[in-house]
Amino acid sequence: MGLFDKLKAGLTKTRSALTKNLDTLFFGKRVLDQSLYDELEELMISADMGPQFTSDLIEDVKQRVKRKELDDASQIKKVLQVRMIDILKRMEKPLTIPMDQPFVLMAVGVNGSGKTTTIGKMANMLRRSGHEVLLVAGDTFRAAAIEQLEVWGNRVGAPVIKQKMNADPAAVVFDAIGRIKAGFNGVVIVDTAGRLHTRTNLMEELKKVKRVIGKEMPGAPHEILLVLDATTGQNAVMQAKLFKEDIGVTGIVLTKLDGTSKGGVVVRIAGELGLPVRFIGVGEGMDDLRTFDSRDFTAALLD
Ligand SMILES: Nc1nc2c(ncn2[C@@H]2O[C@H](COP(=O)(O)OP(=O)(O)OP(=O)(O)O)[C@@H](O)[C@H]2O)c(=O)[nH]1
Ligand SMILES: [Mg+2]
């Protein structure tokens with residue numbers, strides 16, 4: 001199976017919900033009138049594409065009908081596709097990681113969003129393209145978090161910097177940057193906790209980790225990746241806003257797109273956050289991470 005077909009297979013749930021609903025909406029209903037627009041609005045909202053994208057789409061459709069560019073409801077799908085590509089294109093900025101040069105990446109996000117798994121997949125991708133990778137067990141709060149990262153490290157051939165459970169993550173990170181100072185020339189990926197006793201604690205801890213990295217290595221972290229679980233739909237958008245304001249996120253990974261019909265949320269994240277989507281996760285395996293491509297993504301959902 002080619003990469004595109006795999007992507008399509010990964011996005012099956014969103015794809016079938018969206019195309020089935022669109023086809024039902026347009027079937028036998030050739031009149032482009034207000035009731036069609038109302039139903040279309042409902043459909044877009046339930047697909048988690050967000051109110052702004054939805055009203056812009058409907059306005060566009062109405063204008064095109066006025067200009068007599070549209071005479072058949074099924075052509076709306078094409079308009080939707082063009083608008084989706086247009087908005088998603090803006091967040092299509094793959095992460096460029098220089099070869100043989102220290103690069104520090106920190107993954108953040110709420111518990112269970114897929115941080116550790118995504119780190120494992122990224123490490124795999126990077127190792128395959130010839131990078132040295134060092135994993136950093138910055139989640140010292142959850143039992144088994146360190147072992148989980150070590151399993152990934154073994155699987156992909158990346159050493160893990162760790163301390164005991166409940167150690168200060170800032171101290172673990174300090175050790176890791178020490179490796180760079182000692183000559184390590186690869187990618188350092190810092191795993192972090194998704195839950196502490198309170199959300200404020202979590203944000204403070206993440207800020208401290210970021211501060212320590214920056215103090216030890218000016219200019220770092222070079223990337224703060226927010227890992228979001230697509231199955232949570234609009235909740236993911238809310239979380240993204242908080243992390244963006246509090247920590248200063250530079251890129252997004254949207255995980256579990258294979259397990260949800262809410263993949264349309266990418267559109268909403270694009271419109272409301274203006275952050276690049278670096279990767280999407282379409283499964284639990286180590287090859288189930290893709291760089292985000294707006295055309296492929298849209299085609300996988302609608303074609
Ligand atoms: N289907 C699917 N499952 C995923 C994907 N990414 C992660 N998962 C699963 O989601 C669950 C949680 O993933 P973790 O990587 O442990 O999440 P985390 O953010 O590190 O969680 P905490 O360490 O508790 O904060 C695991 O069972 C993963 O296998 C994905 O793209 N698709
Ligand atoms: Mg984790």
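With everything on Cα atoms, drop me the angle between helix 12-26 and the longest principal axis of the chain, reported from 0 to 90° to the nearest 10. Result, in degrees: 20. Start at zero, step by 5 Å, and the Cα-Cα distances of the range 155-279 spread as 2, 9, 18, 20, 18, 16, 11, 5, 1, 0 percent across the bins. Our coupling estimate for the range 41-56, obtained by passing each phi through the Karplus curve with A = 6.51, B = -1.76, C = 1.60 and θ = phi - 60°, is 4, 4, 5, 5, 5, 5, 8, 6, 7, x, x, 5, 4, 4, 5, 5 Hz, Gly and Pro reported as x. Listed by chain and number, the aspartates and glutamates whose alpha-carbon sits under 18 Å from that of Lys215, ignoring those within fewer than 8 places in the same chain, are Asp168, Asp175, Glu204, Glu205, Glu223.
Annotation note: GluC sites (Glu not before Pro) in the range 37-83 located in DSSP loop regions with a Cβ neighbour count of at most 14 within 10 Å are Glu69.
As an exercise, use a Förster radius of 41 Å and the Cβ-Cβ distance of Arg64 and Gln234 to find the FRET efficiency, rounded to the nearest 0.05. Result of the calculation: an efficiency of 0.90. For an R0 of 51 angstrom, estimate the FRET efficiency from the Cβ-Cβ distance between Asp72 and Arg128 and round to the nearest 0.05. Calculated transfer efficiency: 0.65. Once C-alpha pairs closer than 8 Å and six or more residues apart are averaged by separation and normalised to the residue number of the chain, the relative contact order reads 28 percent.
Largest GNM mean-square fluctuation among Phe27, Phe141, Phe243, using the chain with Cα springs under 10 Å: Phe27.
Normalising by residue count, the range 89-157 has a Cα convex hull of 105 Å³ per residue.
Of the beta bridges DSSP finds with both residues in the chain, what % are antiparallel, to the nearest 5? Of all bridge pairs located within the chain, approximately 10 percent are antiparallel. Take the Cα of Lys13, step 7 Å toward its Cβ, do the same at Glu150, and the gap between the two points is 3.2 nm. Amide H contacts for His131 (H built 1.01 Å from N in the peptide plane; partners 5 or more residues away or on another chain; cut-off under 5 Å): none found. Put a dot 7 Å past the Cα of Lys208, heading toward its Cβ, do the same for Leu242, and the two dots end up 1.9 nm apart. Derived from the Cα gyration tensor, the three semi-axes of the equivalent ellipsoid of the range 1-129 are 38, 16, 15 Å, largest first. Per the Debye formula on identical point scatterers at the alpha carbon atoms of the range 257-303, with no solvent, log10 I(q)/I(0) at q = 0.18, 0.26, 0.33 Å⁻¹ is -0.58, -1.17, -1.36.
The equivalent ellipsoid that matches the C-alpha gyration tensor of the chain spans semi-axes of 40, 18, 16 angstrom, in descending order. Note on the chain: with a GNM built from Cα contacts shorter than 10 Å, the maximum mean-square fluctuation among Leu225, Leu254, Leu196 falls on Leu196.
Here is how the number arises for the chain: DSSP H runs of 4 or more residues each give -39500 (n - 2.57), the sum is divided by the residue count, and the result at 222 nm is -16000 deg cm²/dmol. Between the amide H of Val104 and those of Val188, His222, Glu223, distances stay under 5 Å, these residues lying 5 or more places away or on another chain, with hydrogens modeled in the peptide plane. Compactness of the range 120-160, taken as the C-alpha radius of gyration over 2.2 N^0.38 Å, stands at 1.14. Compute the long axis of helix 145-156 from its Cα atoms, compare it with the longest principal axis of the Cα atoms of the chain, and write down the angle in degrees, 0 to 90, nearest 10. The angle comes out near 80 degrees. Just checking the listed ones, Val267, Val156, Val79: in the Gaussian network model of the chain with Cα springs under 10 Å, the one fluctuating most is Val79. Longer than 18 Å from Cα to Cα, which of Lys13/Lys262; Lys6/Lys115; Lys121/Lys244; Lys115/Lys244; Lys115/Lys256; Lys181/Lys244 are they? Say none if no pair is. Those over the limit are Lys6/Lys115; Lys121/Lys244; Lys181/Lys244.
Spin-label model, Asp287/Ala143: points 7 Å from Cα along the beta carbon direction are separated by 3.6 nm.
Charge dipole of the chain (Cα centre as origin; +1 on each Lys and Arg Cβ, -1 on each Asp and Glu Cβ, all else neutral): 300 debye, rounded to the nearest 20.
Coordinate-derived values only; no laboratory data. If you're wondering where the values come from, they're calculated on a predicted model, not measured in any experiment. Cβ atoms come from the backbone with ideal geometry, glycine included; neighbour counts cover every protein chain shown.
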